[in-house]
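Participant: Structure in structure tokens, see below.
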Amino acid sequence: MCLSLSIAAREHLRELTLLRRIRDRIDREHAQPLDVEALARSIDLPVAQFVRRFREAYGHTPAGYRRAVEAVRNREARCLAPKVA
């Protein structure tokens, strides 16, 4: 593999690792307001680039990801709730 491809692959892996940490943080802090600007700053990316990269990695923007996870949590809570006759 040529040197430039190796560097690009390493950088891509580093970025995916950072995005995974952000995704985990969104999951952990689900009760807190979502501050996309702060999340982008925490990994030294401009907001637009951060949102684009997050969408490429996870299929949703950070806000869309949070909404999707919240919808799953709500469905699970409804399934686990006692049935009232």
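Participant: Which is touching a helix residue (DSSP H, G or I) at 6+ places or on another chain (Cβ under 7 Å) and free of Cβ contacts under 8 Å to residues at least 24 places away in the same chain, of His60, His12? Break it down into steps so the answer makes sense when it comes.
Facilitator: Values: His12 fails: touching a helix residue (DSSP H, G or I) at 6+ places or on another chain (Cβ under 7 Å).
Residue meeting the stated conditions: His60.
Participant: With a cut-off of at least 2 residues that are at pLDDT below 95, name the helices (runs of 4 or more DSSP H) lying wholly within segment 1-78. So that I can check it myself, show each step before the final result.
Facilitator: Details: elements: 3-28, 36-42, 47-58.
Because the criterion is at least 2 residues that are at pLDDT below 95, the helices (runs of 4 or more DSSP H) in segment 1-78 that meet it are 3-28.
Participant: Working only within segment 50-85, note down all residues that are of a type in the set (D, E, K, R), within 19 Å of Glu11 (Cβ to Cβ) and touching a Leu at 6+ places or on another chain (Cβ under 8 Å).
Facilitator: Filtering segment 50-85 down to residues of a type in the set (D, E, K, R) leaves 52-53, 55-56, 66-67, 70, 73, 75-76, 78, 83.
With within 19 Å of Glu11 (Cβ to Cβ) added as a condition, the list becomes 52-53, 55-56.
Within segment 50-85, Arg53 is the sole residue that qualifies.
Participant: Which condition does Ala38 not pass, out of (1) touching a residue at least 24 places away in the same chain (Cβ under 8 Å); (2) under 14 Å from Pro62 (Cα atoms), if it passes all the others?
Facilitator: Ala38 satisfies all of (1) touching a residue at least 24 places away in the same chain (Cβ under 8 Å); (2) under 14 Å from Pro62 (Cα atoms) except (1).
Participant: Right, another one. From the list Arg55, Arg28, Arg20, Arg41, exactly one residue is surrounded by fewer than 10 Cβ atoms within 10 Å (Cβ to Cβ) and either aromatic (Phe, Trp, Tyr) or under 30 Å from Arg73 (Cβ atoms) (or both). Which is it?
Facilitator: Details: Arg55 fails: surrounded by fewer than 10 Cβ atoms within 10 Å (Cβ to Cβ); Arg20 fails: surrounded by fewer than 10 Cβ atoms within 10 Å (Cβ to Cβ); Arg41 fails: surrounded by fewer than 10 Cβ atoms within 10 Å (Cβ to Cβ).
Just a single option satisfies the conditions, and that option is Arg28.
Participant: For segment 58-70, give me the residue count where each residue is in contact with a Phe, Trp or Tyr (Cβ under 6 Å, 6 or more places away or on another chain) and surrounded by fewer than 16 Cβ atoms within 10 Å (Cβ to Cβ). Before the answer, list the steps.
Facilitator: Looking only at segment 58-70, we keep the residues that are in contact with a Phe, Trp or Tyr (Cβ under 6 Å, 6 or more places away or on another chain), and these are 58, 62, 65.
Filter once more, so that each one left must be surrounded by fewer than 16 Cβ atoms within 10 Å (Cβ to Cβ): none.
Adding up the residues that qualify gives 0.
Participant: Assess whether Val47 counts as being within 23 Å of Glu15 (Cβ to Cβ) and under 11 Å from the mean Cα position of the chain (by Cα).
Facilitator: Details: within 23 Å of Glu15 (Cβ to Cβ): yes; under 11 Å from the mean Cα position of the chain (by Cα): no.
The answer is no for Val47.
The values are calculated or read from the model by the stated rules, or taken from the named source; none is laboratory data. Quick caveat, the model's predicted, so the values are computed rather than measured. A quick note on method: Cβ atoms are made from the backbone with ideal geometry, for glycine too, and the neighbour counts reach across all protein chains shown.
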